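Below is one structure, written out as structure tokens; the observations come after it.
Taken together, the values in this text are just the output of simple stated rules run on the coordinates, not laboratory data. These figures come from a predicted structure and were not determined experimentally. Neighbour counts run over all protein chains shown; Cβ positions are idealised from the backbone, glycine included.
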Amino acid sequence: MTTTHRQASAFAPAGVGNIGVGFDLLGHVIEGPRDVATVRVIDQPCVRMNAVRGDVRGIDGIPLDAATNTAGRALMALREALGLAHGFAVDLDKGIPLGSGLGGSAASCVAALIAANALLDAPLSREALYPFALEGEWASTHSRQGDNVGPMLVGGVALATPTRLLRLDVPDWLHCVVVQPDLVLETRHARTVLAEPYPLAQVVEHSTHLALFLTGLARADAEMIGEGLRDVLVEPRRAPLIPGFAAVKQAALDHGALGASISGGGPTCFAWFTSRAAADTAAPAMVAGFSAAGIAARAHVSPVAGPRAELVRAN
């Protein structure tokens with residue numbers, strides 16, 4: 001059964017996965033780039049990917065086979081779990097390129113779920129949609145991490161475990177600069193460099209930073225956030241995959257960043273600041289870090305507590 005609506009469109013914003021210190025656990029969304037999904041009810045009991053338009057850059061492109069598309073796979077899981085007799089047809093308008101480290105595959109997945117949810121007689125909560133979003137992510141990364149889809153569903157900063165999705169309190173003065181280079185780095189490739197075991201002492205150090213970071217957020221303590229926002233596990237292994245990263249990070253720190261690291265699997269980089277003014281000042285210097293390596297880049301400045309995915313229209 002569906003509502004009287006037969007078609008709905010929704011957007012999902014770009015995001016910063018991991019936030020450096022929270023590998024596969026933490027993420028936040030930003031204002032700016034977004035994907036839009038238009039979902040239509042069809043009588044056939046299937047999910048059909050009609051078209052993908054817009055920024056379709058990526059290593060292997062974006063598949064139209066529903067089972068291997070994040071949006072398609074998520075809606076297949078939704079149909080199966082709810083026992084729906086009808087199906088969905090999906091059109092994607094991409095504003096976030098794949099392999100950018102901005103959660104492009106996750107945004108398509110979440111936008112499609114929000115649109116499809118609006119077509120149900122009894123729409124589900126954001127938290128109830130989370131398992132279907134995790135299933136969608138499998139199509140892209142062959143893993144079910146929630147650090148991108150989670151914050152896109154609830155907005156702001158989210159703690160996303162395999163079984164829980166929690167939006168975290170964030171002080172409104174926190175702003176970020178997200179610098180997107182004209183590079184592609186596939187998430188699955190970026191994960192291969194993490195295969196070797198880590199020394200126990202390094203894991204303990206990283207856990208200490210995570211604890212400080214989360215406590216700093218809860219207390220709105222800038223010094224503690226900065227003390228925690230230091231990735232000693234993932235960043236050192238992925239940094240060599242991103243030309244210019246060291247210069248971009250140093251530019252952020254030179255301009256007063258609380259911390260800076262790699263967004264998701266890269267190559268996009270991010271930094272957190274205590275004000276919008278500080279972020280605006282740092283952004284050109286961070287872009288120049290990539291320019292010095294001969295790479296074009298663009299900067300997005302946003303509150304850390306960015307918007308969640310939302311319905312655009314239903315008819």
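Ordering of 160-168, 91-99, 181-189, 27-35 by packing is 27-35, 91-99, 181-189, 160-168, highest average first (other Cβ atoms within 10 Å, averaged per residue). Of W173, W272, the sequence from fewest to most neighbouring Cβ atoms within 10 angstrom is W173, W272. DSSP bridge analysis restricted to the chain gives an antiparallel fraction near 85%, rounded to the nearest 5. The GNM of the chain, with springs linking C-alpha atoms under 10 angstrom apart, assigns the highest mean-square fluctuation among A112, A292, A283 to A292. Considering Cα pairs under 8 angstrom that are at least six residues apart, work out the relative contact order of the range 175-303 and quote it in whole percent. Relative contact order of the range 175-303: 38 percent. Only the Cβ atoms of Lys and Arg (+1) and of Asp and Glu (-1) were treated as charged; on that basis the dipole of the range 175-303 about its Cα centre amounts to roughly 240 debye. When the chain is modelled as a GNM with alpha-carbon springs shorter than 10 Å, which of D147, D121, D169 fluctuates the most? Maximum fluctuation in the GNM of the chain, among the listed residues, is at D121.
Rounded to the nearest Hz, the phi-derived 3J(HN,Hα) couplings of the range 9-21 under the Karplus curve 6.51 cos²θ - 1.76 cosθ + 1.60 (θ = phi - 60°) are 10, 9, 10, 9, x, 5, x, 10, x, 6, 6, x, 7, where x marks glycine and proline.
Across the range 81-94, computed HN-Hα scalar couplings (Karplus, 6.51 cos²θ - 1.76 cosθ + 1.60, θ = phi - 60°) run 5, 8, x, 6, 7, 8, x, 9, 10, 10, 10, 10, 10, 8 Hz from first to last residue, x flagging Gly and Pro. Result for the chain in a Gaussian network model with C-alpha springs under 10 Å: among N18, N117, N50, the largest mean-square fluctuation is at N50.
Judged by the ratio a/c of the largest to the smallest principal axis of the C-alpha gyration tensor, the chain counts as prolate, that ratio being 1.5 or greater while a/b is larger than b/c. Prolate is the label for the range 185-241, because the ratio a/c of its alpha-carbon gyration tensor axes (a ≥ b ≥ c) is 1.5 or higher and a/b is greater than b/c. Relative to the longest principal axis of the Cα atoms of the chain, helix 276-291 runs at roughly 90 degrees. Taking a ≥ b ≥ c as the square roots of the eigenvalues of the alpha-carbon gyration tensor, the range 23-170 is classed oblate because a/c is 1.5 or more while a/b is no larger than b/c.
By the count of neighbouring beta-carbon atoms within 10 Å, fewest first, S105, S275 end up ordered S275, S105. Taking the number of Cβ atoms within 10 Å of each Cβ as an exposure proxy, the fewest-first ranking of C176, C46, C109 is C46, C176, C109.
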